[in-house]
Amino acid sequence: RAPGEPPRDPPPSRAKNPKVANVSVQLEMKALWDEFNQLGTEMIVTKAGRRMFPTFQVKIFGMDPMADYMLLMDFVPVDDKRYRYAFHSSSWLVAGKADPATPGRVHYHPDSPAKGAQWMKQIVSFDKLKLTNNLLDDNGHIILNSMHRYQPRFHVVYVDPRKDSEKYAEENFKTFVFEETRFTAVTAYQNHRITQLKIASNPFAKGFRDCDPEDWPRNHRPGALPLMSAFARSRNPVSSPAHQNGTEKGEHSPWPGRHVCLGPASLAMLVCSCLQQARLPCSRDLCYCVFFRQSQPPF
């Protein structure tokens, strides 16, 4: 835009393909997510990668039963701040500007692509998704900064069979955000009530329920000090889009450098690249699409 020129209106968003326009999503275990959200949800990140609890699970409606769809998730910063936990007041406080942005990655559900009928017949669980604070991770885990807040986003992508489908990529996906699933990434739980709720509600944590707190692993004890990531890189800060609960999103998150901007157009390009490569993981030079097939006990 030339100096003095009035701002131009953004181009109108293209209408969504009917294959995704009528898709709706219901968050499973919403009551549990709400309970965590009221306390301030925390998710453990480790160098090796840790699964989320609660697990992100959804029930999907409105798909074309005979059409192919891919399901994926990404995580965007809630804001441009870093936080610390004040134990004397049992509250989170702003500790300064956010650390350098982590690489933007996308997690594909391992059953993708699949028919709409398959996705809709049962609850879809992202239980293979893992979070890490290792900037050098080469396992395809979602990379997050500890002591920063993040919002998970869920994307439904219609696999368009047309040869020129790249022209319609922006029309062929729909994004959903549930604000109750946002969380603070930590290397050790800060709020002891979060620790207690995780133990009480996680079926894989039953071994912790009947033992004394002093017998818990050191990094699970309430009040354990967070460990700062040893991998710091100079990157531009990430701006945070506004979020709406369970609604379609159209905001941009400008990841710096070669990492993927996951706004509508960029996500469309990312999906296009993946599909063009026979639905296999993309080159790291193009994006960070990864199929997860590892197994590791959560919590």
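The values are calculated or read from the model by the stated rules, or taken from the named source; none is laboratory data. All values reported here derive from a predicted model rather than from experimental measurement. Please note: Cβ atoms are built from the backbone with ideal geometry, for glycine as well, and neighbour counts cover all protein chains shown. All accessible areas refer to the heavy atoms of the entire protein, side chains included, with ligands and DNA or RNA removed. Shrake-Rupley method; radii C 1.70, N 1.55, O 1.52, S 1.80 Å.
At a glance:
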{"item": "Scan of region 13-52 for residues that are assigned to a helix (DSSP H, G or I), closer than 20 Å to Lys128 by Cα and open to solvent by 20 Å² or more (accessible area, probe 1.4 Å), ordered by number", "result": "Lys30, Leu32"}
{"item": "Residue that is of a type in the set (Asp, Glu) and touching a residue at least 40 places away in the same chain (Cβ under 8 Å), where the choices are Asp160, Asp138, Asp164", "result": "Asp160"}
{"item": "Those strands (runs of 3 or more DSSP E) lying entirely in region 142-193 with at least 3 residues under 15 Å from Val23 (Cα atoms)", "result": "149-158, 173-177"}
{"item": "Search result, residues across region 71-82 that are open to solvent by 20 Å² or more (accessible area, probe 1.4 Å) and either under 30 Å from Val23 (Cα atoms) or in a strand (DSSP E or B) (or both)", "result": "Val78, Asp79, Lys81, Arg82"}
